[in-house]
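Q: This is the structure I want to talk about, given as structure tokens.
The values are calculated or read from the model by the stated rules, or taken from the named source; none is laboratory data. This one's a predicted model, so the numbers in the text were calculated from it and none came from an experiment. Quick reminder, even Gly has a Cβ in these numbers, built from the backbone with ideal geometry, and neighbours come from all protein chains shown.
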Amino acid sequence: MAEAVNKLKIEVICQPFPLLFGWHAPVFDFISFFKLVKHGIKLVERYNIKLIHSNSGAPCQWLNIVARHRKLPLVAHLHCRYPLRDRITFGLHHVSQLFTVSNCVAQQFINDCSDRQKISVVLNGIDKARFSQDKTLDLRQELGLASTDFLLFTAGSLIHRKGMDLLISAVAIARKNGIPAKLVIAGDGPCKAQLIEQINQAGLCHQVFLLGERNDIAQLLQGGIDVFLSGAREEVFGLVLAEAGLNKLPVIAPAVGGIPEVIQNKRTGLLVPPQDPLQIAQAIEWLYRDPELSHQLGLAAKERVEQRFLIEQNVAVIEQHYLSLLQDQHNALTWSSHWDPKALIKSCGVFLFNIIIGQRG
């Protein structure tokens, strides 16, 4: 990220930070923690900072102190769901404003009894220019695929949560049902060896292709794909699903997390039950046998993305929140304000109960 920002000729300061009460040692490094707080206060003073925006939850643990010391608004921008323990120890209930990328993330804090007025869903945005400027490539030609092959594509880390194994199983089922499906997977990760073994055991060496990590996803999405697939076991938004939609690709994805907020079932794609390769295979067959439906889903997906998920809309919403936070001095954190005792009591109570019954927080 720092490298990307540097290319924009914006000054970047990189600072690793310790985490108190985290999941990994050291969990009680108070000396390093308060050195970081001191460094943060100096940065605020040096650059005359008026608002702090944390682009994930963990930094709020020390930024909360910095913001209160300097009487500044603090925004926590959350791109995933956080375990209860982290919501407590990061101090996420006690910021000026919570930005969540989907309602499923916001629901955690609603369940914690957080003040709903400080919870705002800020949808992720796509830079449309990145797709219009990139030179497309012919994925079929690159892989030596026939024009009659039904080309399926997915992109993401090769980790259990992304469910690539479920997609491979679905392709095996679809092919047994006579669908000439070929699956291309872009991404890398710790499950790669396991997936290769699964591909070999299923006899899909010439039907499933692992491309590895790619930095040209925008080009790949314009490379002659028929359908974009997701097998995610958990996904709070699914930006790549919106990117697929922008390229008029119908999407088959599980109805988990925030995916239904991106994909409208039978309008911009097909939603299936989670962790169900058979249902994925049936959806693949449906779109293969009904190309007109596939085409209409792709057109509707592009329209929806352009209406809701472009970067211009994302920036406009964030700017409006910034202005609102800066115009009212009551949004600034102080040592006596913006504590959320109701949420803290509820969260701590649930956390202790989970410990008693042996459930990890």
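Q: For residues that are more than 21 Å from residue 69 (Cα to Cα) and among the small types (Gly, Ala, Ser), scanning just region 12-43, find the one that is surrounded by the most Cβ atoms within 10 Å (Cβ to Cβ).
A: Top of the filtered list is 22.
Q: Continuing with this model, one more query. Residues of region 330-344 being in a helix (DSSP H, G or I) and either touching a residue at least 40 places away in the same chain (Cβ under 8 Å) or not assigned by TED's automatic domain parsing to the domain that holds residue 63 (or both), which ones?
A: First, the residues of region 330-344 that are in a helix (DSSP H, G or I): 330-331, 341-344.
Hits for region 330-344 are 331, 342, 343, 344.
Q: Just one of the numbered conditions (1) modelled with pLDDT under 95; (2) over 26 Å from residue 290 (Cα atoms) is not true of residue 138; which one?
A: (2)
Q: Suppose we filter region 1-22 for residues that are touching a helix residue (DSSP H, G or I) at 6+ places or on another chain (Cβ under 8 Å) and either in a helix (DSSP H, G or I) or under 30 Å from residue 215 (Cβ atoms) (or both); how many remain?
A: Adding up the residues that qualify gives 6.
Q: If you take the residues of region 90-133 that are touching a helix residue (DSSP H, G or I) at 6+ places or on another chain (Cβ under 6 Å) and of a type in the set (D, E, K, R), which of them is surrounded by the most Cβ atoms within 10 Å (Cβ to Cβ)?
A: Ranking the candidates gives 112 first.
Q: What do you reckon, is residue 349 in a helix (DSSP H, G or I) and without any contact (Cβ under 8 Å) to a residue 12 or more places away in the chain?
A: Here the answer is yes, as residue 349 does meet what is asked.
Q: Going by what's in this entry, would residue 218 be described as closer than 21 Å to residue 183 by Cβ, part of a helix (DSSP H, G or I) and out of contact with any Pro (no Cβ under 9 Å at 6 or more places or on another chain)?
A: Numbers: closer than 21 Å to residue 183 by Cβ: yes; part of a helix (DSSP H, G or I): yes; out of contact with any Pro (no Cβ under 9 Å at 6 or more places or on another chain): yes.
Here the answer is yes, as residue 218 does meet what is asked.
Q: Only one residue in 209, 237, 228 is part of a loop (DSSP other than H, G, I, E, B), of a type in the set (Phe, Trp, Tyr) and either at pLDDT 95 or above or in contact with a Gly (Cβ under 7 Å, 6 or more places away or on another chain) (or both), so which one is that?
A: Among 209, 237, 228, only 237 is part of a loop (DSSP other than H, G, I, E, B), of a type in the set (Phe, Trp, Tyr) and either at pLDDT 95 or above or in contact with a Gly (Cβ under 7 Å, 6 or more places away or on another chain) (or both).
Q: Here's another thing I want to ask about it. Is one or more of the residues making up region 338-352 modelled with pLDDT of 95 or more and hydroxyl-bearing (Ser, Thr, Tyr)?
A: no
Q: Within region 269-289, is there a residue that is at pLDDT 95 or above, among the β-branched types (Val, Ile, Thr), touching a helix residue (DSSP H, G or I) at 6+ places or on another chain (Cβ under 9 Å) and farther than 23 Å from residue 172 by Cβ?
A: No: zero hits.
Q: If you go through region 175-201, how many residues are over 26 Å from the mean Cα position of the chain (by Cα), more than 18 Å from residue 143 (Cβ to Cβ) and of a type in the set (Gly, Ala, Ser)?
A: Summing the residues that are over 26 Å from the mean Cα position of the chain (by Cα), more than 18 Å from residue 143 (Cβ to Cβ) and of a type in the set (Gly, Ala, Ser) in region 175-201 gives 1.
For every residue, the table says whether it meets (1) surrounded by 13 or more Cβ atoms within 10 Å (Cβ to Cβ); (2) more than 18 Å from residue 228 (Cβ to Cβ); (3) within 22 Å of the chain's Cα centre (by Cα).
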position: 276; (1), (2), (3): yes, no, yes
position: 297; (1), (2), (3): yes, no, no
position: 315; (1), (2), (3): no, yes, yes
position: 323; (1), (2), (3): no, yes, no
position: 338; (1), (2), (3): yes, yes, no
position: 342; (1), (2), (3): yes, yes, no
position: 355; (1), (2), (3): no, yes, no
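Q: Being surrounded by 17 or more Cβ atoms within 10 Å (Cβ to Cβ) and either modelled with pLDDT of 95 or more or β-branched (Val, Ile, Thr) (or both) narrows it down to one residue among 46, 68; which is it?
A: Details: 46 fails: surrounded by 17 or more Cβ atoms within 10 Å (Cβ to Cβ).
Exactly one residue qualifies, and that residue is 68.
Q: I've got another one for you. Only one residue in 319, 303 is outside the structural domain of residue 179 (by TED's automatic domain parsing), under 24 Å from the mean Cα position of the chain (by Cα), more than 19 Å from residue 170 (Cα to Cα) and acidic (Asp, Glu). Which one?
A: That would be 319, the only listed residue that is outside the structural domain of residue 179 (by TED's automatic domain parsing), under 24 Å from the mean Cα position of the chain (by Cα), more than 19 Å from residue 170 (Cα to Cα) and acidic (Asp, Glu).
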